[in-house]
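S.K.: Just dropping this structure here.
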Amino acid sequence: MWSEREFRMADGAEIVGRQGDDIVLGVSVPLDGDGYLGRQCPQCSLSFRMNGEDYKALPDDIELWCVYCGHQTRHSLFVTAQQRALMMRVAADIGTQIVNQSMGKIFGRMARGRSSRDAFSISVSYKEKPFYPRPLPGIDEERLARVRTCVGCDTRYAVFGEHRYCPKCGRIPATAVALDALQADTARLDALNAVPAEVKAVLREQGVFTRSWVDTIENVVGVVEALASTVFMTAVTDAAARLRGKGNVFQRLDDMADLFMDAGYEDLRALLGPAVWRRLTEAWAARHLYTHNDGVIDEKYLRTAPSSTAQSGQRLIITEDDCRRAIEDATALSRALAALTKN
């Protein structure tokens, strides 16, 4: 039988025990330069990071959540491709040494055996070479993009896309989702401004900037609509009855404000002030115009935005400044919705 004491292990790897004929290995997975540990969902294969100190403090039997798809399973299954390669290297080193030990013992017994003088014999020699494990490969994964701290459990983690879950405690609050989405729209505007001038000229010519600005307004409305719906359904016990027959009321700002007032909450218009509410109303009207009329101004839009100098039949022009103001105002509205019902 092979001997554990004779195994040579690379730095960062060790044998921690035996379970029958199985060897239990311990492999130290290095953190990245920011002190975060890479995690990869076994379901959707997308990667995220967890702060090394926060991860070390977790119970050994904890199940993690994928921050993107919400898949939940034991934490040891959230290994990245590079971490898996590191572990397989350690396993291969052990396997090589087990084979070498076994071969040495087999040929050692053959060499000690005696053959009859009259028997046909074959001389076999085998020399076992010492094994020296190579250093384990490092981890060189994508650097941090967006670091978040869970409002529920204070776990620090980093994501590389839109997410809905904390890796430790699961579903994150609707307000956090909304504010995160609005920050993402700001980041997209910043990224477009950061492209080289020659690339920017090509993108502008192809309409990428104007399309992105229209998309931003549509995103802003969608974010607030989803938040308002969730907040109302959570806070109001008879929400379903109050919503019956009202259609998609959360797409209509004044109707939404009236809905919350009828349920006993403060007037959102008063909380935000007339200037902010007017800008929000105009942004919502612009979104409706592009969604249903390709941005062509009609009388309904002009009634909603009486300060507009455009004329019916013209196409509404949305600018980057319009988008940034809409994001700022929608952020204020999202916080007001959360504070309104303490959600």
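S.K.: Let me cross-check THR291: its accessible surface, 1.4 Å probe, with only protein heavy atoms counted, in Å² to the nearest 10?
M.R.: For THR291, solvent-accessible area is about 60 Å².
S.K.: Defining a contact as two alpha carbons under 8 Å apart and six or more residues distant in sequence, what relative contact order in percent does the stretch 153-219 show?
M.R.: The value is 19 percent.
S.K.: For the pair ASN193 and ALA57, what calculated FRET efficiency results from E = 1/(1 + (r/R0)^6), where r is the Cβ-Cβ distance and R0 = 35 Å, to the nearest 0.05?
M.R.: 0.30
S.K.: Also, I was wondering about something else. Could you tell me the relative contact order of the stretch 264-343? Use alpha-carbon pairs under 8 Å, at least six residues apart, and round to a whole percent.
M.R.: With pairs under 8 Å counted, the relative contact order is 35 percent.
S.K.: Calculate, for the stretch 209-343, the solvent-accessible area per residue in square angstrom, rolling a 1.4 angstrom probe over the heavy atoms of the protein chains. Each step should come with its number before you reach the end.
M.R.: Details: 6770 Å² over 135 residues.
I get 50 Å² per residue for this part.
S.K.: Whenever you get a sec, line up TRP277, TRP213 from highest to lowest accessible area (probe 1.4 Å, protein heavy atoms).
M.R.: So, going from the largest accessible area down, we get TRP213, TRP277.
S.K.: Oh, and also: What spacing in nm lies between the two simple spin-label points modelled at THR149 and MET87, each 7 Å away from Cα in the Cβ direction?
M.R.: 3.1
S.K.: Then there is this: Using heavy-atom solvent-accessible surface (probe 1.4 Å) with all chains present, what is the largest-first order of LYS300, LYS342, LYS246?
M.R.: Numbers: LYS300 115, LYS342 170, LYS246 90 Å².
Reading off the accessible areas and sorting them downward yields LYS342, LYS300, LYS246.
S.K.: Just to check I understand the Karplus step: with θ = phi - 60° and J = 6.51 cos²θ - 1.76 cosθ + 1.60, what whole-Hz values come out for the stretch 179-189, glycine and proline as x?
M.R.: Result, ordered by residue: 5, 5, 5, 5, 5, 5, 5, 5, 4, 5, 4 Hz.
S.K.: Now, a different point. Assuming R0 = 25 Å, can you tell me the calculated FRET efficiency for the pair GLU218 and GLN314, based on Cβ-Cβ distance, to the nearest 0.05?
M.R.: It comes to 0.80.
S.K.: Order the following by accessible area, largest value first: MET50, MET261. Probe radius 1.4 Å; ligands, DNA and RNA are ignored. Show your work: numbers first, answer last.
M.R.: On the way: MET50 0, MET261 80 Å².
Sorted by accessible area, descending: MET261, MET50.
S.K.: If you stretched the chain out fully between ALA263 and CYS69, how much longer would it get, using 0.36 nm times the residue separation minus the C-alpha to C-alpha distance? Display every interim value, and only then the final one.
M.R.: On the way: separation 194, 0.36 × 194 = 69.84 nm, distance 3.36 nm.
Here the segment from ALA263 to CYS69 would lengthen by 66.5 nm.
S.K.: Here's something else I'd like to know. Once the whole set of protein chains is in place, how much accessible area is left on GLU299, using a 1.4 Å probe, in Å² to the nearest 10?
M.R.: Result for GLU299: roughly 100 Å² accessible.
S.K.: With every protein chain left in place and a probe of 1.4 Å, what is the accessible surface of ASP215, to the nearest 10 Å²?
M.R.: 50
The values are calculated or read from the model by the stated rules, or taken from the named source; none is laboratory data. All values derive from a computational prediction rather than experimental measurement. Methodologically, a virtual Cβ is constructed for each residue, glycine included, from the backbone with ideal geometry; neighbour enumeration extends over all protein chains shown. These area figures cover heavy atoms from the full protein model, side chains too; ligands, DNA and RNA do not enter into them. Shrake-Rupley method; radii C 1.70, N 1.55, O 1.52, S 1.80 Å.
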